[in-house]
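A.B. asks: Provided herewith is a single structure, encoded as structure tokens, for subsequent inquiry.
Only the coordinates and a few stated rules stand behind these numbers; no lab work does. For clarity, every value in this text was computed on a predicted model and none was experimentally measured. Every residue, glycine as well, gets a Cβ built from its backbone with ideal geometry; the counts of neighbours run over all protein chains shown.
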Amino acid sequence: MVQKIRRFYDQEGNEITEEEWLELVPELRGESEVVEQEITGFNRVLVETPSLARKVELRIGGEKTEPEEVEARDDSLLVTLPRFLFTEEDSVEIQFECIPFLNSTVFEAFVSGLAGSWQRVDPDPAVKSATTVALPALAEEERLISNLKIEPRTITPDGDGVNDIMNVRFTVVKVSKPRQVSVKIYSLGGDLVRTVYSQAGTTGNYSGITWDGKDSSGHRVIPGLYLCVIKVSGDAGIKTVNKTISVAY
């Protein structure tokens with residue numbers, strides 16, 4: 001890989017740092033030029049993940065090291081190392097936690113020394129399924145809905161900008177084909193108040209689902225207790241989670 005860098009010189013042609021060059025008065029500065037420099041190492045590691053990675057730890061050569069930067073997204077983890085690595089002795093180990101949705105989840109990793117230039121890390125052929133994580137417990141798990149968060153559990157939809165809207169987030173697991181996923185609000189008597197989400201979906205994280213305290217006609221509901229019902233039609237049947245929520249004025 002090739003990286004473009006700028007070099008600085010004094011009037012006698014000696015190479016100096018950019019800081020030293022800037023400290024010189026313009027009459028004493030030499031030239032500066034952009035040159036190409038070969039980079040054979042890497043300083044960034046990208047891991048494709050099935051969900052948001054947490055509790056990220058970096059080890060270089062077996063020693064725990066503070067990364068320069070960690071950027072975790074719903075589908076990837078980018079770790080910037082504190083320095084370039086060039087030798088096999090500088091082994092890199094990245095530990096993290098995330099939620100896999102399917103059994104035999106595959107993790108792919110890439111390294112880079114330049115923005116936009118990535119090289120895939122191929123596993124050791126002597127290690128069978130080196131990039132695959134088998135989760136026998138997941139196959140036995142009947143739960144399809146996890147990590148459910150409803151915030152706030154009590155809303156006051158009076159238009160003052162405080163707790164006017166309820167946010168619903170959850171994770172669906174073990175759904176390999178598009179199935180119906182819905183979030184509905186019911187009265188305690190079992191009457192449907194409003195369908196706030198209903199779409200075909202598969203395994204993954206669901207967010208951005210909100211309820212503003214109004215019924216299907218756009219009218220504000222009366223104060224009281226309601227049920228938020230999340231339903232997933234999975235490969236092996238329908239699973240439902242019910243949570244009590246409240247509306248107050």
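A.B. asks: Just one of (1) of a type in the set (K, R); (2) touching a residue at least 40 places away in the same chain (Cβ under 8 Å); (3) part of a strand (DSSP E or B) trips up R194, so point out which.
C.D. replies: The one condition R194 does not meet is (2).
A.B. asks: Please enumerate the residues belonging to region 213-249 that are surrounded by 14 or more Cβ atoms within 10 Å (Cβ to Cβ), touching a residue at least 40 places away in the same chain (Cβ under 8 Å) and part of a loop (DSSP other than H, G, I, E, B).
C.D. replies: G213
A.B. asks: On to the next question. Looking for whichever is within 17 Å of D158 (Cα to Cα) and in contact with a Phe, Trp or Tyr (Cβ under 7 Å, 6 or more places away or on another chain) here; the options are I230, I245, I222, I209. Which one fits?
C.D. replies: Exactly one residue qualifies, and that residue is I245.
A.B. asks: Residues E15, E31, E68, E23: which one is surrounded by 10 or more Cβ atoms within 10 Å (Cβ to Cβ), free of Cβ contacts under 8 Å to residues at least 12 places away in the same chain and touching a strand residue (DSSP E or B) at 6+ places or on another chain (Cβ under 6 Å)?
C.D. replies: Being surrounded by 10 or more Cβ atoms within 10 Å (Cβ to Cβ), free of Cβ contacts under 8 Å to residues at least 12 places away in the same chain and touching a strand residue (DSSP E or B) at 6+ places or on another chain (Cβ under 6 Å) holds for just one of E15, E31, E68, E23, which is E15.
A.B. asks: Continuing with the same structure: Just checking: which of the strands (runs of 3 or more DSSP E) contained wholly in region 6-66 hold 3 or more residues that are within 30 Å of T203 (Cα to Cα)?
C.D. replies: So the answer is 42-48, 54-60.
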